[in-house]
Amino acid sequence: MISAELRVDLDRLRRNVRAVRARMAPAELLVVIKDDAYAQGVEPIVTAALDAGAVWFGGIDLPSAVRAKRTAGDRARVLCWMTLAEAEAEAALRSGLEVGVGDADYLDRIARATETTATCARVHLKIDTGLHRNGVRPEAWNAFCARAAALERAGRIRVVGIWTHIAEASDAEDDASRSAFDDAVTAAERAGLDAEVRHLSASAAAWHRPEFRYDLVRIGAFCYGIRSEHGPDIPGVAPISSLVARVTELGDVATVGVGSVDGYPSSAGGRISVATPGGVRQLVRVDPFSSLVELWDGAAIGDEVIMFGPGDAGEPTPTDLGEATGTVGEEPLLRVSPLVPRVYDKGASPSGETPLSR
Ligand SMILES: *Cc1c(COP(=O)(O)O)cnc(C)c1O
């Protein structure tokens, strides 16, 4: 008997993607699929998002982006924004990926990779507008654009996008970043570049501030139903993934088969309640391989307990769990061990010998 699984509700994902796309229109949505689609599995996530109309995907790491492109084929464009070594850059181009380029050396590396792969690279030039994480500094931007324009004239690359990443920490900082971004776009045009898409925002800014949407928005968290830390619920959007654990032992408390080694945060013990077939009960303690939950009437071996999920049965959402343990809502999801099976579209209580009653 498998003692825990991560259930991913792809119908819920399709509804989330439709809600996000409707809100962003006429800007287009790029569904962020980094880190194996936030540990939920690139292939099923991309397939379901395509059904819901998504035409752009993107992420940091090359493996997730390659798998997204292989799944989507010509139905979607896929952007990889990690600064890659030359062999990886060649692999990215051969796979048909577009690349995010935020430094001059990398631009030249991409140009070399187009020669060995006989491709024309589709690139998105990245300006650093204040986050200082990655991106070309404003004082180096004009020279960078001139170099890109020369490579474009030589047929090595095509500049399809101008982009940046903003902090989403305060409106004032974001406004300053947006103004620096506008200057960068103007400078790129003056250098002779004619990008199709401009993009700067992720979930929170794109949702709450229409003026930040431009042509394209890069959204991960809200597509998966993960609200911002201490932020409001997002209408029309709910968590797609539930971590479900079975009862393996009964005593003064119920032992369920998921623990910190499986990725459940040990600091959640004593801080949250989880959903049992008998209602919401306190999570008493998280051990390495199991967790202890207060008893409920009629508890039985094999009963299913929801450790996090959409919240419909009173379980914490990923963001609730993050808030209780001092982190963001993506983290409980990203931490679920790859050894915990991902199960798709099973609905609320499918696998169970003893379905969870709601
Ligand atoms: C992860 C990431 C995003 C998505 O952020 P969310 O807050 O999850 O929507 C957008 N842009 C970049 C550059 C990222 O790395």
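Counted without the sites themselves, the longest stretch of the chain free of GluC sites (Glu not before Pro) in a DSSP loop having at most 16 other beta carbon atoms within 10 Å is 1-195.
Using a ≥ b ≥ c from the Cα gyration tensor of region 241-346 (square roots of the eigenvalues), is it rounded, prolate or oblate, where a/c under 1.5 gives rounded and otherwise the larger of a/b and b/c decides, a/b for prolate? In terms of gyration-tensor shape, rounded. Phi angles across region 176-192 convert, under the Karplus curve 6.51 cos²θ - 1.76 cosθ + 1.60 with θ = phi - 60°, into 3J(HN,Hα) values of 5, 5, 5, 5, 5, 5, 4, 4, 5, 5, 4, 5, 5, 4, 5, 7, x Hz, Gly and Pro given as x. Look at the alpha carbon pairs under 8 Å that are at least 6 residues apart: their mean separation over the length of region 215-358 gives a relative contact order of 25 percent. Here the extension length gained between ALA172 and ASP215 equals 13.3 nm, from 0.36 nm per residue of separation less the Cα-Cα distance. Ordering SER3, THR117, SER64 by the projection of their Cα atoms onto the charge dipole of the chain, which places +1 on the Cβ of Lys and Arg and -1 on the Cβ of Asp and Glu, puts THR117 at the extreme positive end. Basic side chains Lys and Arg get +1 at the Cβ, acidic Asp and Glu get -1 at the Cβ, and with that the dipole of region 62-131 about its Cα centre reaches some 460 debye.
Taking every DSSP helix (H) stretch of at least 4 residues in the chain, weighting each as -39,500 (n - 2.57) and dividing the sum by the residue count yields a mean residue ellipticity at 222 nm of -10000 deg cm²/dmol.
Expressed as a whole percent, the accessible surface of region 1-115 that belongs to carbon and sulfur atoms is 49, based on a 1.4 Å probe. The distance from the alpha carbon centre of region 270-294 to that of region 33-56 is 31 Å, rounded to a whole number.
In this structure region 1-96 gives 38 Å² per residue of accessible area when probed at 1.4 Å with all protein chains present.
The values are calculated or read from the model by the stated rules, or taken from the named source; none is laboratory data. Every value quoted in this text rests on a predicted model; they were computed, and no experiment measured them. When we count neighbours, we look across all protein chains shown, and the Cβ atoms used for this are built from the backbone with ideal geometry, even at glycine. Remember, those area values only see protein heavy atoms, side chains included, never the ligands or the DNA or RNA. Shrake-Rupley method; radii C 1.70, N 1.55, O 1.52, S 1.80 Å.
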